[in-house]
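J.: Encoded as structure tokens, here's the structure I'll be asking about.
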Amino acid sequence: MPIKPQAMQYQCRQCGWKITYAPLSDALLMEPPDTCDHCGSEELNRQPAGVIDNLLKSISTIVKRK
């Protein structure tokens with residue numbers, strides 16, 4: 001049975017930019033980031049996203065759809 005991947009938070013070690021990567025299903029339509037969108041650094045910390053991060057990501061996804 002397919003399992004939805006856990007939401008992860010990526011944060012740049014150099015500039016502090018961060019993004020929450022939370023796939024909507026087990027079908028990965030978008031790959032997780034491998035470089036910082038702000039400064040281009042490849043040094044990203046990766047950690048499981050917290051409850052609040054997941055909630056904010058869900059809300060922003062709903063708002064974008066409208």
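Bear in mind these aren't lab numbers, they're just calculated from the coordinates by the rules spelled out. As the structure is a computational prediction, the values presented were derived from the model and not from experiment. Counting neighbours? That spans all protein chains shown, and the Cβs are built from the backbone with ideal geometry, glycine included.
J.: How many residues, within the range 8-36, are in a strand (DSSP E or B), basic (K, R) and in contact (Cβ under 8 Å) with a residue 24 or more places away in the chain?
T.: Total meeting the criteria: 0.
J.: Another one. So which residues in the range 31-57 are within 26 Å of M1 (Cβ to Cβ), among the aliphatic types (A, V, I, L, M) and either surrounded by 11 or more Cβ atoms within 10 Å (Cβ to Cβ) or in contact with a strand residue (DSSP E or B) (Cβ under 8 Å, 6 or more places away or on another chain) (or both)?
T.: Across the range 31-57, the qualifying residues are A49, L55.
J.: Restricting the search to the range 1-23, which residues are closer than 17 Å to G40 by Cα and aromatic (F, W, Y)?
T.: Y10, W17 - these are the residues of the range 1-23 that are closer than 17 Å to G40 by Cα and aromatic (F, W, Y).
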